[in-house]
Structure formats: structure tokens, C-alpha cells
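Read the figures in this text as sums done on the coordinates, not as results from a lab. Note that the coordinates shown come from a computational prediction; the quantities given were computed from them, not determined experimentally. Methodologically, a virtual Cβ is constructed for each residue, glycine included, from the backbone with ideal geometry; neighbour enumeration extends over all protein chains shown.
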Amino acid sequence: MHNLMITGGAGFIGSNFVRYMLEKYPDYHVVVYDKLTYAGNLDNLKDVAERFADRYAFARGDICDASTVRETIRERNVDTIINFAAETHVDRSIMSPDAFIQTDVYGTYVLLEAARELGLERYHQVSTDEVYGHVPEGASQEADPVAPRSPYAASKASGDLMVNAYHVTYGLQVTISRGANNIGPYQYPEKVVPLFVTNAIDDLPLPLYGDGLQVRDYHYVLDHCEAIDLVLHEGKLGDIYNIGTGSEMRNVDMTHLILELLGKPETLIQPVRDRPGHDRRYALDVTKIRGLGWEPAHSCEDAIREAVRWYVENEWWWRPIKSGERYQEYYKRQYEGREVE
Ligand code: NAD
Ligand code: DAU
């Protein structure tokens with residue numbers, strides 16, 4: 001395992017993972033294969049391209065395009081695929097599910113088929129706790145059935161099932177990880193934490209869905225990267241690994257913490273109509289990944305603190321995104337007229 005193709009490597013978690021792997025393994029080569037959708041951004045990899053010019057390459061392409069995928073694998077002598085490429089925002093999947101089915105389901109199949117035909121050593125699928133659906137009590141274990149409830153979650157669950165099928169049917173050497181809500185550097189400001197932090201910096205309202213009592217496990221992105229690396233090197237083939245801190249935070253508490261860290265007033269909180277089909281709680285049992293010797297270095301609170309600091313220090317990164325026409329249009333469509341008192 002030396003020549004990695006990291007699909008979706010120009011996105012949030014993917015770009016953090018690329019940097020992490022190149023820093024950690026001086027003999028690894030990485031090609032990032034990415035379509036550069038609205039969420040893909042070469043600014044996320046600017047430093048990587050400079051620091052690792054001899055071991056890093058970028059190929060623009062769609063994971064649904066079988067011939068470009070194969071061409072890149074052959075050209076770069078790829079032995080391992082780590083698939084981060086996906087449509088990832090639940091609210092966008094509610095507005096228009098089509099791209100989610102294309103990329104998260106069909107695109108996953110295209111990668112698996114290329115890995116099988118070209119005899120790749122390993123395939124790792126980056127998945128999500130959302131595939132388990134709403135968890136009213138207890139915590140999801142890897143053997144639990146999937147019960148996705150949003151188009152995004154259903155598309156990711158379908159991808160996971162196909163990965164498992166390629167392992168069972170063709171003996172492809174796969175692993176799957178299911179992560180909790182990641183936060184940290186380079187997260188597109190549509191997801192709640194970067195959205196609330198950047199809005200609060202500008203004294204704009206923070207649109208809190210419903211009663212704000214939904215529960216998430218806000219998890220630091222580099223802890224997630226470390227765990228994926230561990231699964232890649234020490235995970236049992238064919239297995240699934242949950243990744244998260246294993247703790248819980250209510251959205252309303254996450255919001256108050258952000259405001260407190262930035263010294264902003266609570267009057268910025270704007271209650272808005274809830275997300276349809278909103279999963280009120282996710283909770284992961286992380287015993288299995290801990291059994292490989294992994295511990296997250298950050299609690300939810302630490303992760304939020306780190307994220308706030310990064311957005312305060314890196315306005316160069318998020319201001320051009322938020323002031324762009326594409327973002328503004330999305331924001332209007334998503335939030336205009338949604339206020340409730
Ligand atoms: P992101 O939206 O920030 O980035 C996705 C990347 O995939 C972008 O660079 C985009 O250009 C690329 N992409 C999209 N469609 C593509 C296609 N058809 N072909 C090639 N590239 C394409 O996503 P993220 O938050 O970094 O999530 C990465 C992965 O981790 C996803 O698979 C997601 O489901 C999973 N995940 C995310 C979280 C989270 O909290 N963000 C948690 C658990 C799992
Ligand atoms: O759990 C892992 C998943 O986390 C990933 O698989 C997804 O890719 C990622 O988008 C994320 O999904 P969520 O729906 O949990 O994340 P989001 O940041 O969109 O929302 C987090 C919580 O905050 C959720 O309860 C909805 C709420 N929320 C979100 C937004 C965007 C608000 O209250 N207001 C908002 O404006």
C-alpha cells in the first residue's frame with residue numbers, strides 16, 4: 001500500500017486526510033481524484049501541493065466516469081482507493097437527491113468495479129453514522145441494520161451495501177468506516193458549525209432548526225483521519241468500524257458554546273422551521289475502533305474550540321466562498337422565510 005488514490009480529496013475531510021498521510025508516510029504517493037463540485041476546493045490543498053510536490057498529484061474527474069477512473073489508476077500505478085467522494089449535505093439531498101444517487105451509489109460502484117478489474121490491493125469506503133438512522137436510545141453498533149431516513153443517508157447506506165457485496169462476491173479487500181459529525185479546518189460553511197461560526201463573526205443570525213434539542217457527536221476531523229489510517233492498516237478485511245468520540249452534544253449547547261467563544265450575544269440565535277425527517281439523535285458505540293488502540297484526542301468541546309479558532313484565523317479561506325453567487329443563491333433558497341418565533 002504505497003500509491004493511494006484519494007477520491008474527494010479536495011473536500012473537507014479528504015484534504016485533511018491527504019495532508020495527514022503525506023506527513024506521516026514519507027514513502028507514500030497520493031493522487032487526489034476529484035470532480036471539484038461546489039464543495040471541492042483546491043485552496044484546501046494549496047500547502048500540500050507546495051510541500052509535497054514530488055509525491056502529490058491532482059486529477060480532475062468524476063467517480064462516475066469509469067474510463068477516467070481507470071486511466072488515473074493505471075497512470076499513477078494506484079494500489080489503494082480511499083473513497084471520500086460524495087455529495088454530503090443532508091439539506092441539499094432533500095432539495096435535489098439526484099446527484100446523491102449518482103455519486104454516492106453509482107460512483108461507488110464504478111470505483112469498486114475498477115478496483116476489482118484492475119486487481120487493486122485495498123479499497124476503503126468512508127461512510128457515516130447517518131446510515132443507522134435516528135437512534136432514540138443506546139448507541140449504534142457496527143452489526144446493527146441500516147435504517148437511513150434522508151436521501152443522503154440512503155445513498156451512503158447503498159454505497160456501503162455495495163462495498164460489502166464486492167467483498168463477499170469477488171473477494172475485494174475492503175473496509176468501511178462510519179464517522180460521526182466531523183468539524184475543523186476547511187469545512188464548507190453550509191454545515192452547521194462553520195455556518196454558525198462564520199455567521200456569528202459577521203453578527204448574522206444563526207438559523208437553529210426546530211427546538212435545537214437534536215443530538216450529535218461533534219468530532220475533530222484529524223482524530224477521524226487518524227482512525228481511518230488505523231483501519232486502513234490494522235482493520236479486519238470486510239469489517240465496518242464506527243468512529244466518533246462516543247459522547248453527545250445538543251445543538252443548542254453547541255450554539256451557545258460558539259457564541260461564548262466568540263463573545264457574541266445569544267440574540268443572534270434565530271429559530272427556524274425544522275429540517276423534514278430530521279434525525280434527532282445519532283450515537284455511535286466506538287468500542288471496536290478503541291479496540292485497535294485508538295482514542296480521540298479531542299472532546300466535542302475541544303473540537304468546537306479548535307474549529308472556532310481556525311475560522312477566526314482563516315478568513316482568506318471562507319470569505320470568498322460565502323460572498324460567491326453560488327453560495328448566496330443556496331443560502332437564500334435554504335433559509336429565506338424560514339424564521340419562526
Ligand atoms: P465535502 O462535501 O466537503 O467534499 C466532498 C468532495 O467530493 C468534494 O471535494 C467534491 O468535489 C468531491 N466530489 C463530489 N462528487 C464527486 C464525484 N462525482 N466525483 C469526484 N469527486 C466528487 O465532504 P466531507 O464532509 O469531506 O465528506 C467526505 C466523506 O466523508 C463523504 O463520503 C461523507 O459522506 C463522509 N462523512 C462525512 C462526515 C462529515 O461530518 N462531514 C461524517 C462522516 C462521514
Ligand atoms: O453524522 C455525520 C454526518 O454529519 C455526515 O455524514 C454528513 O455529511 C454531515 O453533513 C453531517 O450531517 P448533519 O445533518 O448531522 O450535519 P449538519 O451540519 O447539516 O447539521 C448538524 C445539526 O445541526 C443537525 O441536527 C441539523 C442542525 N442544523 C443544521 C444546519 C445546516 C441547524 O440547526 N441549522 C442549520 O442551519
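The phi-based Karplus calculation (6.51 cos²θ - 1.76 cosθ + 1.60; θ = phi - 60°) puts the 3J(HN,Hα) values of the stretch 172-182 at 4, 8, 10, 9, 10, 10, 10, x, 7, 4, 7 Hz, whole numbers, x for Gly and Pro.
Assuming a ≥ b ≥ c are the square roots of the Cα gyration tensor eigenvalues, decide whether the stretch 1-129 counts as rounded (a/c under 1.5), prolate (otherwise, with a/b larger than b/c) or oblate. It comes out oblate by the Cα gyration axes. Once you sort the root eigenvalues of the Cα gyration tensor of the stretch 113-192 as a ≥ b ≥ c, which label holds: rounded (a/c under 1.5), prolate (a/b larger than b/c) or oblate (the other case)? Oblate is the answer for the stretch 113-192, as a/c is 1.5 or above yet b/c matches or exceeds a/b. Computed from Cα atoms, the angle from the helix 12-24 axis to the main principal axis of the chain rounds to 50 degrees. Calculate for the chain the 222 nm mean residue ellipticity that helices alone would give, adding -39,500 (n - 2.57) per DSSP H run of length 4 or more and normalising by residue count, nearest 500 deg cm²/dmol. Computed ellipticity for the chain at 222 nm equals -12000 deg cm²/dmol. Across His256, His298, His233, mean-square fluctuation computed from a Gaussian network of the chain (C-alpha pairs under 10 Å connected) peaks at His233. At an R0 of 41 angstrom, the distance between the Cβ atoms of Glu313 and Thr287 translates into a FRET efficiency of 0.70.
Around Met21, under 12 Å between beta carbons, what's the net of Lys plus Arg minus Asp minus Glu among the other residues?
Working: positive: Arg19, Lys24, Arg55; negative: Glu23, Asp27, Glu226, Asp229.
Around Met21, the charge tally is -1.
Amide H to amide H distances under 5 Å link Ile269 with Leu206, where only residues 5 or more positions off or on other chains count and H is placed in the peptide plane.
For the stretch 240-273, list residues with backbone N below 17 Å from a point placed 7 Å from the Cα of Glu341 toward its Cβ? Correct set: 267-273. How high is the FRET efficiency between Leu237 and Glu329 when r is their beta carbon distance and R₀ equals 35 Å, given to the nearest 0.05? Efficiency, rounded to the nearest 0.05: 0.20. Label point of Asp211 set 7 angstrom out along Cα-Cβ; within the stretch 116-134, amide nitrogens under 18 Å from it belong to 134.
Based on Cα contacts under 8 Å between residues 6+ apart, the stretch 223-341 shows a relative contact order of 40 percent. Residue by residue, the stretch 123-139 carries 3J(HN,Hα) couplings of 9, 10, 9, 8, 10, 9, 5, 5, 5, 7, x, 5, 10, x, 8, x, 9 Hz when phi is fed to the Karplus relation 6.51 cos²θ - 1.76 cosθ + 1.60 (θ = phi - 60°); x denotes Gly or Pro. For Ala165 and Ser299, the difference between the fully extended length at 0.36 nm per residue and the C-alpha to C-alpha distance is 44.8 nm.
The count of lysine pairs in the chain with alpha-carbon distances below 28 Å, taking only pairs 8 or more places apart or on different chains, stands at 24.
Helix 251-262 and the longest principal axis of the C-alpha atoms of the chain enclose an angle of approximately 80°.
Shape of the stretch 78-139 from the C-alpha gyration tensor: oblate (a/c of 1.5 or more and a/b not above b/c, with a ≥ b ≥ c the square roots of its eigenvalues). When the chain is treated as a Gaussian network with alpha carbon springs shorter than 10 Å, the biggest mean-square fluctuation among Arg74, Arg216, Arg280 belongs to Arg74.
Note on the chain: with a GNM built from Cα contacts shorter than 10 Å, the maximum mean-square fluctuation among Met95, Met162, Met21 falls on Met95. Rounded to the nearest 20 debye, the dipole size of the chain about its Cα centre is 440 debye, using +1 on the Cβ of Lys and Arg and -1 on the Cβ of Asp and Glu.
For Tyr241, the residues whose modelled amide H falls within less than 5 Å of its own, excluding neighbours fewer than 5 places apart on the same chain, are Ile176, Ser177, Arg178.
Can you give the relative contact order of the chain as a percent, counting alpha carbon pairs under 8 Å and 6+ residues apart?
17
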